[in-house]
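Below is one structure, written out as structure tokens; comments come after it.
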Amino acid sequence: MKTAQKILEVETLCENMAKKKANTGLLRLKVLYFVSQYENLSVSMIIEKLGIKKSNFALLTAELEKEGCLNIYKAEIDKRCRTLKLTQKGKEELDSYLESLDSEFDKIDIDLDNALNILLKYLNKKV
């Protein structure tokens, strides 16, 4: 199996597992996760990491702000840019989801954990 095929299969299987644990939309949880990890990045950089359309992201973040899961701020340096920050409610929703997903993996093998860390570093450099 070629590398591209492996990546496609891993991505599909991971997404299917993640969907099973999501009580809400998976994209919603992905947005909460990326906002929690990249609070200092601009909205456009988070959109690039997520690989979604700007309009879809704007609708979803507006909904999340309305529900009290995140706050949208103008960036301090460039007032044209926006930054996002999770609220306590958003953190709790994300943490609950991640805990339920972690339970799927139970005790993870150290080799698998190392392989995932390497893959994550590689993919973050590419995206």
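Here are the numbers for this structure:
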quantity	calculated
Ranking of I72, I118, I77, I47 by count of other Cβ atoms within 10 Å, fewest first	I77, I118, I72, I47
Residue-averaged 222 nm ellipticity for the chain, from DSSP H runs of 4+ at -39500 (n - 2.57), nearest 500	-22500 deg cm²/dmol
The chain: mean projected area of Cα convex hull, nm²	9.0
Burial ordering of T87, T12, fewest other beta-carbon atoms within 10 Å first	T12, T87
Neighbour-count ranking [beta-carbon atoms within 10 angstrom, fewest first] of L70, L26, L123	L123, L26, L70
5 Å-binned pair-distance histogram of the stretch 36-92 (Cα, whole percent)	4, 20, 28, 29, 16, 2, 0
Trypsin sites (Lys or Arg not before Pro) restricted to the stretch 1-109 and DSSP loop, no more than 13 other C-beta within 10 Å	K2, K53, K79, R80, K107
Within the stretch 61-127, GluC sites (Glu not before Pro) in DSSP loop having at most 13 other beta-carbon neighbours inside 10 Å	E67, E76
Rough spin-label spacing in nm, given labels placed 7 Å along Cα→Cβ, for K19 and A115	2.4
Nearest-ten-degree value, helix 110-126 long axis tilted from longest Cα axis of the chain	50
In degrees, nearest ten, helix 88-105 long axis to first principal axis of the chain (Cα)	10
Angle between the chain longest axis and helix 26-37 axis [Cα atoms, degrees, rounded to 10]	80
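No value in this document is a laboratory result; all are computed from the given coordinates. All values derive from a computational prediction rather than experimental measurement. In this analysis, Cβ positions are derived from the backbone assuming ideal geometry, glycine residues included, and neighbour counts consider all displayed protein chains.
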